[in-house]
1. With free of Cβ contacts under 8 Å to residues at least 24 places away in the same chain, closer than 30 Å to GLY20 by Cα and small (Gly, Ala, Ser) as the only criterion, which of GLY269, GLY246 stands out?
2. Could you grab me the full set of residues in segment 25-73 that are acidic (Asp, Glu) and part of a strand (DSSP E or B)?
3. Give segment 91-100 a look and list any residue that's over 10 Å from GLY33 (Cβ atoms) and either open to solvent by less than 10 Å² (accessible area, probe 1.4 Å) or basic (Lys, Arg) (or both), or say none.
4. List every residue pair whose Cβ atoms lie under 9 Å apart, where the two residues are 6 or more positions apart in sequence or sit on different chains, the first residue falls within segment 206-229 and is farther than 20 Å from PRO176 by Cα, and the second residue, located anywhere, is assigned to a strand (DSSP E or B) and of a type in the set (D, E, K, R).
5. Here is a check on your reading of the model: is ARG173 charged (D, E, K, R) and open to solvent by 50 Å² or more (accessible area, probe 1.4 Å)?
6. Here are the criteria: (1) of a type outside the set (Asp, Glu); (2) under 22 Å from SER379 (Cβ atoms); (3) open to solvent by 50 Å² or more (accessible area, probe 1.4 Å); (4) not assigned by TED's automatic domain parsing to the domain that holds LYS425. Tell me which single one VAL236 does not satisfy.
7. Checking VAL388 against (1) in contact with a Gly (Cβ under 9 Å, 6 or more places away or on another chain); (2) more than 14 Å from the ligand (Cβ to nearest atom); (3) more than 17 Å from ALA307 (Cα to Cα), which test does it fail?
8. Is it fair to say SER191 is open to solvent by 20 Å² or more (accessible area, probe 1.4 Å) and at pLDDT below 95?
Amino acid sequence: MCGIIGYIGQKDLCSVLLDGLKKLEYRGYDSAGIAVIQGGEIIKRRVKGKISALEQELKSSPIRGEYGIAHTRWATHGRPSEENAHPHQDCKGNIVVVHNGIIENYLQLKQELINQGHRFNTETDTEIIPHTIEKHFRGNLEQAVGKAVQELKGAFAIAVVCSQDRNKVVVARKGPPMVVGIGKNEYIISSDINPLLNHTRDIVFLQDREIGVVQPTGIRFSSFSGKPLEKKAERVSWNPVMIEKGGYKHFMLKEIFEQPQVMRDTLKGRISLDEGDVHLDEIGILKKDLNQISRIVIIACGTSFNAGLIGKYFLETIAGIPVEIEYASEYRYKDFIADQNALFIFISQSGETADTLAALREVIKKDLMTMAVCNVKNSSITREAKGVLLTHAGPEIGVAATKTFTAQMSALALLALYIAQIKKKMNKEQRLGYIQELQRIPHQMENILNKVRSIEAAALDFISYSHFLYLGRWVNYPVAREGALKLKEISYIHAEAYPGGEMKHGPIALIDEKMPTMVIAPRDRVIDKVLSNISEVKARLGTVVAVSNQDQKELSDKVDKVINIPEIHELFSPFLTAIPVQLFAYYIAAERGADVDQPRNLAKSVTVE
Ligand code: F6R
């Protein structure tokens, strides 16, 4: 949530900062601002709205600077407005700050600062930061920042510049991510690696309670208490092409189309057809430790939670281990059982989701076995969990998760096979059977994507509805949830998901001609039950669109629209059923003119509670 960018170097400052903000816009997009230092003076521009509005403002009122910082905001304290947009400043306008996170004790600090004579202009929690730094400033910015951050409670990543201590950007982190890219005679600081990729792939990751001082001559790091730290740059494998739209209208569409490759990349090097084996020694948990687990707890949020629900079926069916799944935002406050024989799996695309990270920390406190399934190497969750299983989806820019959902399912299927192998739950032929099924899937996905026009046509018939019901059973109930989540978040159409069998316990009362139902109905062990659910909807004048590989004739008699998928092993059908539900939501949202990649009120990485 919120994006931070800063630059010291030879390139055109405002272009670098604006370009960086555009690449960060998916983190927050209700207001934006920039501050540059020119000849010892701080010049700011701030606007309500998207980065394009800031770009416009800079065109009509250009600024130049030697170095500077900028921010795109997702409001927590204080409505989206120009005055609440970052950067915020101290009383004299000598110190400016951009911030990602929430300062929990800001009201108390604000009162103390007001009592000391500081004047405030905004409703934000952030504004207390420049004033607290001002209170401690004696000519050295990093020393003042070091003292100020120790007074702040909550989560924050900040970048600070000061006209009285020039040629430096000071950054600090406690919670949300902060990285420094090291280019040729240039440094770029950011809350995310994406904006750095056009400049460098050598990146230093700040850890919690660390401060960085970035100057034209170099960077140095220390702890909040002032202890100098040696930190090395790491080379990231992502490249700038991965974060371009590549001819697609939206990132979301591009990312949906990337799914066959994402699955191939996530399986690559981890399966062996000769031996029928899965190789996951990379995860960093010893085989003997995995062998002794008798229970798995999966903890996640949003789409990652839905992938976890599918992973539960994979793990229980393939590895024969009972799996519970919990929302991270609930689990973190729960008196959970400290089961030494359990593996706690944290699924997160970003690796920075505040609730998931907090739940992980609770589990770590009890010294239990933890593992991250994550898309971002070096993210907080990957650094703190004992084991890490990386999903190789590449950067996901669309706020609605799509390709990372597929990557998470792929990783969980691999994990299930790996544990089954360690625990000798099945023989080589059985494992090989599953591996071959997994390997076939990317090609089957391509078959669906090649017929995208028919899915688009189906979706366009449904653009004017205000409510939707999604039904699925067994391993496709989570896909129904994911379909409903995609539709709500990008098209703002109300959608609810239920296991088909639950419909008669209440939701059936909603069915009428104004409430269409999307049914996920691949041929599997519950297809007859799903067909009965479809009949129940039709008997109440509901319109039904089905995602299915069921015999055409049998299904088309019953439903209003069918989106066909190829044949697939019943356990792995979510890999295929997920794609039409993503596309269905996408085309409805795009046709309604919604901002598909940056839906209102959302942000890609939820780094606040
Ligand atoms: C929905 C979506 C969110 C995320 C959730 C968790 O399309 O993207 O629901 O899945 O915020 O994020 P991560 O996976 O980064 O922990």
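1. GLY246
2. Listed by number, the list holds a single entry, GLU41.
3. Scanning segment 91-100 gives LYS92, ILE95, VAL97, HIS99, ASN100.
4. Matching pairs, first to second residue: PRO216/GLU186; PRO228/ARG220.
5. Judged against the criteria, ARG173 is not a match.
6. Every condition holds for VAL236 apart from (3).
7. (3)
8. no
The values are calculated or read from the model by the stated rules, or taken from the named source; none is laboratory data. Note that the structure is predicted; figures quoted are calculated from it, not measured. Positions of Cβ are generated from backbone atoms using ideal geometry, with glycine treated the same way; all protein chains shown enter the neighbour counts. Areas reflect the complete protein model, heavy atoms only, side chains present, ligands, DNA and RNA absent. Shrake-Rupley method; radii C 1.70, N 1.55, O 1.52, S 1.80 Å.
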